[in-house]
Amino acid sequence: MFHKKRIGEILVKKGIATPERIEEALFAQRKQIESGAELKKLGEILEDMGFASKENIKSALDEQKKFYMHSWLYSVFHIQR
């Protein structure tokens with residue numbers, strides 16, 4: 001089974017955000033859920049807080065998509081053997 005690659009982990013690995021900033025953004029996201037406000041995606045929150053740029057978020061999302069595609073291809077070909 002594959003570990004889900006989260007956008008926060010990717011941003012930390014790339015040196016774009018610190019674990020503390022990711023936690024701060026996740027806390028803000030939880031507050032949105034609790035208050036019933038419109039839920040923003042983590043990338044949007046990080047951008048709003050000035051912790052990451054739109055380009056940083058897009059790059060991390062692209063990496064996430066590639067990871068899932070490689071994982072899916074591996075599982076398809078691994079199962080067929």
Could you sort the peptides 27-40, 50-63 by per-residue average Cβ neighbour count (10 Å cutoff), highest mean leading? 50-63, 27-40
Please turn the phi angles of region 16-24 into ³J(HN,Hα) values with the Karplus equation 6.51 cos²θ - 1.76 cosθ + 1.60 (θ = phi - 60°), one per residue in order, whole Hz, x for glycine and proline. 7, 9, 8, x, 5, 5, 4, 4, 4
Along the Cα-to-Cβ line of GLU55, 7 Å from the Cα, sits a label point; which residues in region 1-41 have backbone N less than 13 Å from it? none
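Readers should treat all values here as calculations from the given coordinates under stated rules, not as data from a laboratory. Keep in mind the model is a prediction, meaning the values are calculated, not measured. Reconstructed Cβ throughout: ideal geometry from the backbone, glycine too, with neighbour counts over all protein chains shown.
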